[in-house]
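The values are calculated or read from the model by the stated rules, or taken from the named source; none is laboratory data. Model, not experiment: these values are computed from the prediction. Cβ placement follows ideal geometry from the backbone for every residue including glycine, while neighbour counts extend to all protein chains displayed. Accessible surface is based on the protein model in full, side chains and every heavy atom, while ligands, DNA and RNA are left aside. Shrake-Rupley method; radii C 1.70, N 1.55, O 1.52, S 1.80 Å.
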Amino acid sequence: MRVALITPTPYDLFASGPRALSAHLRANGHDTRLILLPGETGKYKYRENYIYQYPRSMMEDLARLTADCDLVGVSFMSGNFDAALQATRTVQQAHPGTPVVWGGHHTTVLPKQSLEYVDLVCIGEGEDCLLDLANALENGDDITGIENLCLRVDGEDII
């Protein structure tokens, strides 16, 4: 299974969490693509009501880079919520059938709010959750019992 892992990283391109997730998936036989979305939000932090907008060309590249993926993960902290939402909407619009899972600090603290934007949310440590999700999707198995995975099924949140 091919999994794209996206993280908006305006301050630090290190992104240890998504890199660890990618390594864990690869070690277990999955093909991954790590996509770090840089941005210059720091210089705008004192502007009231400012929302950083990724350039259109960058979002077009993101759509192209996720075109052949079976699962897309977006990992972020609350300070990068708007950037994560832009990336998510780009993938959802470009590839409507591709499942998108959110993870990171924001989703762990606010899983119910996160489910307003995606159908799959990982809370807490994500290595096993994401691996179990990728395996289940690849095999056509039920995903509702995966530990640390919150989801929305028929409009009902399973947290």
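Computed from label points 7 Å out along Cα-Cβ, the spacing between Glu156 and Glu60 is 4.5 nm. Just checking the listed ones, Gly145, Gly104, Gly17: in the Gaussian network model of the chain with Cα springs under 10 Å, the one fluctuating most is Gly145. Taking every DSSP helix (H) stretch of at least 4 residues in the chain, weighting each as -39,500 (n - 2.57) and dividing the sum by the residue count yields a mean residue ellipticity at 222 nm of -10500 deg cm²/dmol.
Solvent-accessible area assigned to carbon and sulfur over the stretch 69-145 amounts to 49 percent, based on a 1.4 Å probe. Accessible surface area normalised per residue over the chain is 54 Å², counting heavy atoms of protein chains with a 1.4 Å rolling probe.
Calculate, for His24 and Thr98, the FRET efficiency according to 1/(1 + (r/R0)^6) with r their C-beta to C-beta distance and R0 22 Å; round to the nearest 0.05. Between His24 and Thr98 the formula returns 0.60.
Against the set (1) 1.28; (2) 0.95; (3) 1.21, the structure's computed Rg/Rh (Cα atoms, Kirkwood Rh) falls on (2).
Between the listed residues His95, Ala83, Ala136, the Cα displaced farthest toward the positive end of the dipole of the stretch 79-141, a dipole computed from Cβ unit charges relative to the Cα centre, is found at Ala83. What you get for the chain, charging only the Cβ of Lys and Arg (+1) and of Asp and Glu (-1), is a dipole of about 800 debye around the Cα centre. Between Arg2 and Arg33, the simple label model (points 7 Å from Cα in the Cβ direction) yields a spacing of 0.5 nm. Sequence-ordered 3J(HN,Hα) estimates for the stretch 118-128 from the Karplus curve with 6.51, -1.76 and 1.60 and θ = phi - 60° stand at 9, 8, 10, 9, 9, 10, x, 5, x, 4, 6 Hz, glycine and proline given as x.
Under the criterion of Cα pairs below 8 Å and six or more residues apart, the relative contact order for the stretch 48-159 equals 20 percent.
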